[in-house]
Amino acid sequence: MQNIANISNTKYRVGIIGATGMVGQRFITLCAAHPWFEIAALAASSRSAGKKYGEVIAGRWKMSAPVPSAVADMTIYDAEADKEKIAELVDFVFCAVDMKKDEIKRLEEDYARLEVPVVSNNSAHRWTADVPMVVPEINPEHIEIIEAQRKRLGTKRGFIAVKSNCSIQSYVPLLSPLREFGIENVLVCTYQAISGAGKTFADWPEMVDNVIPLIPGEEEKSEQEPLKVWGEIKNGAIVPADAPGITTQCLRVPVADGHFAAVFVKFAEGKKPEISEILRRWAEFSGEPQKLGLPSAPKQFLHYFEEENRPQSRLDRDLENGMTVSAGRLRPDTQYDYKFVALSHNTLRGAAGGAVLLAELLCAKDYITQNQR
Amino acid sequence: MKTPVFSGSSVAIVTPFTENGVNFGKLEELIDEQIAGGTAAITICGTTGECSTQSLEEHASVVDHCVKYVNGRIKVIAGTSSNDTLAALQLSQKAEKSGADALLLVTPYYNKTTQKGLIAHYTYIADRVSLPIILYNVPSRTGLSFTLETYQELAKHPNINGVKEASGNFALLSSTIASLGDNFNVWSGNDNEIVPAMSLGAKGVISVAANVIPQQIARITEYALAGDFKKAAELQLRYLDLINSLFIEVNPIPIKSALNIMGREVGPLRLPLCEMSDSNLEKLKDSMRKSGIL
């Protein structure tokens with residue numbers, strides 16, 4: 001492992017593919033203030049290519065902080081046509097694009113084959129068996145599969161690593177430290193913020209005073225992705241866990257940021273932990289990012305509120321810069337063993353922030369290195 | 001390019017007192033109310049927080065408590081001013097140790113200094129901390145003002161992030177932004193000048209009124225940041241009477257009174273600050289009623 005104290009001497013040069021979208025904007029905001037990373041290239045579709053970022057984004061910028069001026073003057077590259085050029089400029093890329101799944105798969109593999117590590121927010125490669133899907137506190141060891149992936153791709157540096165769907169990051173972190181009690185069944189209803197659809201109230205007025213009962217594809221992801229995160233590496237592939245059984249309903253609610261989950265959980269016969277034991281596990285749960293002192297790692301990954309009316313979206317989604325997952329109202333249930341509520345910031349912990357934390361882990365573990373300049 | 005410490009509204013939060021100390025429980029309630037209201041940063045222990053009548057120990061403990069309770073949800077700017085450079089440094093270093101995101105430091109008041117002295121005062125502190133520093137220019141209280149040349153000199157320091165401008169001197173404000181651009185951030189220090197300051201490029205406001213109307217002040221800055229100055233001005237003008245009444249006596253007398261009238265139980269003012277006169281109290285209540293907060 002690299003000496004982390006030395007990492008900041010020269011910054012890693014970062015490319016952002018999909019720089020004009022909402023997650024791309026979050027990546028820009030996070031990288032502009034990052035101690036290890038500096039933005040070296042921005043890429044988007046051919047429509048935006050060749051223009052200045054500041055001009056293209058005028059009227060579409062959705063972050064509360066203004067566009068960093070250094071970024072506003074950068075010329076946008078074409079994510080498809082300028083791949084070779086981008087590969088020369090960067091040490092790795094973040095990818096968050098709005099394209100067809102097959103096209104995204106190919107695009108990300110193209111970058112990997114050009115020896116560019118790809119840290120992806122897209123879902124396209126989440127079920128590719130040798131692509132790690134990582135929540136850094138939960139399954140950091142999955143990044144070891146990258147060696148097998150590099151063999152398949154025939155690369156030395158290039159690879160793809162992905163983060164999981166934003167919806168599962170409100171409940172999977174809280175279930176993870178309880179797995180040894182034999183979780184059998186989980187029922188989750190998610191209440192998901194509109195920024196998850198790349199929208200604000202200004203551009204989605206139909207969401208005011210409204211709930212939409214369908215988020216296409218979300219329930220499948222919410223039920224299956226946890227099993228890959230909890231999976232094991234066997235023979236060059238990540239084999240998903242076979243339990244627990246998870247059933248979900250995912251609703252879009254009129255909240256700007258922060259995905260909520262109402263969670264019901266049942267443990268194996270005779271293994272049900274006490275409430276005090278669950279609270280202790282949550283309070284003590286910490287992982288590789290905390291051990292390594294990664295810049296985006298929250299000090300307290302899981303925060304339990306004793307107050308009955310917490311967590312709340314507006315009050316608590318930004319805990320530790322939006323990287324802490326919070327929970328409350330843990331209590332016995334009549335059908336399952338326990339129920340609780342949970343909250344995670346969907347575009348920070350759940351998207352760009354989680355991907356930045358994953359990139360930090362990959363840097364600290366030497367999977368991402370600084371390219372020769 | 002200096003990334004602004006915050007964009008939008010930062011509340012210069014009052015410090016709730018008991019008869020003999022700080023009411024930390026109330027402070028936590030006020031902080032949650034601000035976060036729920038869309039405030040971008042808490043400015044703790046500024047003039048409005050009655051830092052002038054806090055001991056070094058109490059001052060440091062309030063900053064520390066605030067940082068821990070906010071816990072990264074929004075930014076915390078610690079007021080660490082003193083007209084004794086060494087005392088200001090001491091407070092600044094304690095705030096840094098507590099984990100504050102930035103420091104707010106007013107120009108030396110009463111003893112005052114020269115422009116050369118201002119550069120020396122701020123450079124001395126900025127060299128010894130690693131947090132971004134926001135300068136604070138308020139000649140009506142301090143008896144001296146920065147000049148453009150002094151801003152230009154101080155902007156060269158990597159830790160000096162910008163200035164809270166409460167001089168009301170728009171010639172100075174506009175020439176500062178024109179000359180220094182993104183290398184030096186400006187925030188309005190006056191609630192009645194948010195929109196004009198932001199129309200010239202200020203990044204937001206450090207606000208007294210946000211103690212009682214956090215959402216409305218945040219909204220003014222959101223409209224302005226999005227370039228919708230018509231809507232921002234409408235709101236600025238709608239709350240102008242309330243804002244003026246909040247400065248009918250020396251700040252923070254009216255704001256702390258207003259919070260107590262609203263039932264927030266922020267406790268007494270510390271001497272030399274005292275209760276409002278009866279006639280001014282009636283004017284304040286009248287403005288609060290008209291603006292719909294009472």
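In whole Hz, with x marking every Gly and Pro, tabulate ³J(HN,Hα) for segment A:212-217 from phi via Karplus 6.51 cos²θ - 1.76 cosθ + 1.60, θ = phi - 60°.
Ordered by residue, 3J(HN,Hα) equals 10, x, 9, 10, x, x Hz.
Averaged over peptide B:69-81, how many Cβ atoms belonging to another chain are found within 10 Å of each residue's Cβ? Could the numbers behind the result be given before it?
On the way: counts 0, 2, 10, 10, 10, 2, 1, 0, 0, 0, 0, 0, 0.
For this peptide, the per-residue mean of nearby foreign Cβ atoms is 3.
Which cross-chain or sequence-distant (5 or more) residues have an amide H under 5 Å from the amide H of residue A:303, H modelled 1.01 Å from N in plane?
So residue A:303 has HN proximity to A:325, A:326, A:327.
Go through segment A:128-222 and name the chymotrypsin sites (Phe, Trp or Tyr not before Pro) that are in a DSSP coil and have 10 or fewer other Cβ atoms within 10 Å of their Cβ. Mind showing how you got there, number by number?
Numbers: sites: A:159, A:171, A:181, A:191, A:201; in loops: A:171, A:201.
Listed in order of number, the matching sites amount to none.
List the extent of the Cα atoms of chain B along each of their three principal axes, largest first, rounded to whole Å.
That gives 46, 46, 35 Å along the principal axes, largest extent first.
Partner chain Cβ atoms within 10 Å, averaged over the residues of A:65-71 - can you pull that number for me?
Numbers: counts 8, 6, 0, 4, 6, 3, 1.
The mean count of partner-chain Cβ atoms within 10 Å per residue comes to 4.
What does the charge count around residue A:56 come to, taking other residues whose C-beta lies under 14 Å from its C-beta (Lys +1, Arg +1, Asp -1, Glu -1)? Can you show the working numbers first?
Working: positive: A:47, A:51, A:52, A:60, A:62; negative: A:55, A:73, A:78.
Around residue A:56, the charge tally is +2.
Translational D (Stokes-Einstein, µm²/s) of segment A:242-373 at 10 °C and 1.306 mPa s when Rh comes from the Kirkwood sum over C-alpha pairs? Before the final figure, lay out each step's value.
Working: Rh = 16.6 Å.
The calculation lands on 96 µm²/s.
Within 15 Å, Cβ to Cβ, of residue B:127, how many net charges do the neighbouring residues add up to if Lys/Arg are +1 and Asp/Glu are -1?
Numbers: positive: B:128, B:156; negative: B:96, B:153.
That works out to 0.
Hey, got the average number of other protein chain Cβ atoms within 10 angstrom for residues in B:1-8? Can you show the working numbers first?
On the way: counts 7, 1, 8, 3, 0, 2, 4, 2.
That works out to 3 on average.
Using a simple charge model, +1 on the beta-carbon of Lys and Arg, -1 on the beta-carbon of Asp and Glu, nothing else, what dipole does chain A show about its Cα centre, in debye to the nearest 20?
On the way: 44 positive and 49 negative charges, 108 e Å.
I would put it at about 520 debye.
Here is the link list: B:231/B:283; B:164/B:290; B:75/B:97; A:151/A:234; A:52/A:101. Which ones come out longer than 20 Å on Cα distance? Intermediate results must be reported in sequence, preceding the final value.
On the way: B:231/B:283 27 Å; B:164/B:290 29 Å; B:75/B:97 15 Å; A:151/A:234 15 Å; A:52/A:101 28 Å.
In this structure, B:231/B:283; B:164/B:290; A:52/A:101 lie more than 20 Å apart at Cα.
Rounded, prolate or oblate: which one fits segment A:212-305, using the alpha carbon gyration tensor with axes a ≥ b ≥ c (rounded when a/c is under 1.5, else prolate when a/b beats b/c, else oblate)? Mind showing how you got there, number by number?
Working: a/c = 1.23, a/b = 1.12, b/c = 1.09.
Rounded, since a/c falls under 1.5.
Mind jotting down the distance between the C-alpha centroids of segment A:278-325 and segment A:141-183, whole Å?
20
In whole angstrom, how long is each semi-axis of the equivalent ellipsoid of the protein assembly as shown, when you take the square root of 5 times every eigenvalue of its Cα gyration tensor and sort them from largest down?
Numbers: eigenvalues 385, 180, 104 Å².
Equivalent ellipsoid semi-axes, largest first: 44, 30, 23 Å.
Let me check I've understood the local charge: for residue B:211, count other residues with C-beta under 14 angstrom from its C-beta, Lys and Arg +1, Asp and Glu -1. What total comes out? Spell out each step's value before the answer.
On the way: positive: B:26, B:256, B:264; negative: B:29, B:32, B:33, B:50, B:191, B:265.
Combined, the nearby Lys, Arg, Asp and Glu give -3.
Non-local amide H neighbours of residue A:158 (under 5 Å, H modeled in plane, Pro and chain starts lacking H): which ones?
A:115, A:116
Once you order the gyration tensor axes a ≥ b ≥ c over the Cα atoms, which shape class does segment B:1-113 get: rounded for a/c under 1.5, otherwise prolate or oblate by comparing a/b with b/c? Don't skip to the answer; put the middle values down first.
On the way: a/c = 1.72, a/b = 1.17, b/c = 1.47.
The shape class here is oblate.
Bear in mind that the values in this text are calculations on the coordinates, not laboratory data. Not measured: the values here are computed from a predicted model. Neighbour counts are summed over all protein chains in view; Cβ atoms, including those assigned to glycine, are modelled from backbone coordinates with ideal geometry.
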